[in-house]
Amino acid sequence: MDLLRVENIESSYGLSQVLFGISLEVGVGEVVTLLGRNGMGKTTTVRTIMGIMQPHAGEIYLEGNPVHNYPSYKVAQAGLGLVPEGRQIFPNLSVYENLVATAGNGQNRQNPWTLDKVFELFPELAERRTNMGNQLSGGEQQMLAISRALMTNPSLLILDEATEGLAPLIRAEIWRVLEQLKEFGQSILVIDKNVDALTRIADRHYIIEKGKVVWSGISDELSQDEELQHRYLGV
């Protein structure tokens, strides 16, 4: 059974429709990507999956249960953890407070994420645990955003623009962590522009163009098709 199944969702901002029948699936333990140029509907897809936007058509299932009518807090409680575009950590809370503010284990995972585990994953955060969110670098804020999502012990971790605006060394660190999370069996849906890293880490890919899925396939197919990358990803 798929962990996440999205069927023909349509979403709009007011009278402006953005998604036109998006369908995708993420299996247990899979890493799946959502690719496409800016403005093609990737973030809107994530916002709709998370219940931040309500679709006016289509259905979303998490572990077989319909969640397309859930408000966002219920979607999070059901097991989706979001690392949003722009990180959106709490600037006036310390690293420690950011991590414990939303921590929980609503899915009763057997080996839940704890402070010690996320500090082991990101040792830099352990050193900055008393620093306020607005005292962190962009890379440290992204580490904190990932750790905060993991502390909710999600069935599925969603990252919107995983490495956007980060220095090369920090990007490499984020990719290392995502590879490690995959080894742990964490299901992940990730948006990013680094096709080389994504084809190395992810199992499957969806490309969105103007609110529709125009291609889906495995990493070998994507990495070998330069014309496809040029047409839809601009690389």
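The values are calculated or read from the model by the stated rules, or taken from the named source; none is laboratory data. This one's a predicted model, so the numbers in the text were calculated from it and none came from an experiment. Because the Cβ atoms are built from the backbone with ideal geometry, glycine has one as well, and the counts that use them run over all protein chains shown.
Would it be correct to say that ASN134 is loosely packed, with under 14 Cβ neighbours inside 10 Å, of a type outside the set (Asp, Glu), over 16 Å from the mean Cα position of the chain (by Cα) and at pLDDT below 95? Walk me through it before giving the result.
Values: loosely packed, with under 14 Cβ neighbours inside 10 Å: yes; of a type outside the set (Asp, Glu): yes; over 16 Å from the mean Cα position of the chain (by Cα): yes; at pLDDT below 95: yes.
Taking the combined requirement at face value, the residue satisfies it.
Matching residues to (1) within 22 Å of GLU173 (Cα to Cα); (2) of a type in the set (D, E, K, R); (3) in contact with a Pro (Cβ under 6 Å, 6 or more places away or on another chain):
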{"position": "ARG87", "(1), (2), (3)": "yes, yes, no"}
{"position": "LEU93", "(1), (2), (3)": "no, no, no"}
{"position": "ALA101", "(1), (2), (3)": "no, no, no"}
{"position": "ASN108", "(1), (2), (3)": "no, no, no"}
{"position": "GLU124", "(1), (2), (3)": "yes, yes, no"}
{"position": "GLY138", "(1), (2), (3)": "yes, no, no"}
{"position": "LEU150", "(1), (2), (3)": "yes, no, no"}
If we keep just the residues of the stretch 44-87 that are farther than 30 Å from GLY165 by Cβ and acidic (Asp, Glu), which is modelled with the lowest pLDDT?
GLU63
Could you say which residue among ILE188, ILE207 is surrounded by 17 or more Cβ atoms within 10 Å (Cβ to Cβ), in a strand (DSSP E or B) and in contact with a helix residue (DSSP H, G or I) (Cβ under 6 Å, 6 or more places away or on another chain)?
ILE207
The stretch 88-109: number of residues that are over 17 Å from LEU156 (Cβ atoms) and of a type in the set (S, T, N, Q)
4
Restricting the stretch 55-81 to residues that are outside any helix (DSSP H, G or I) and without any contact (Cβ under 8 Å) to a residue 24 or more places away in the chain, the residue that is surrounded by the most Cβ atoms within 10 Å (Cβ to Cβ)
VAL67
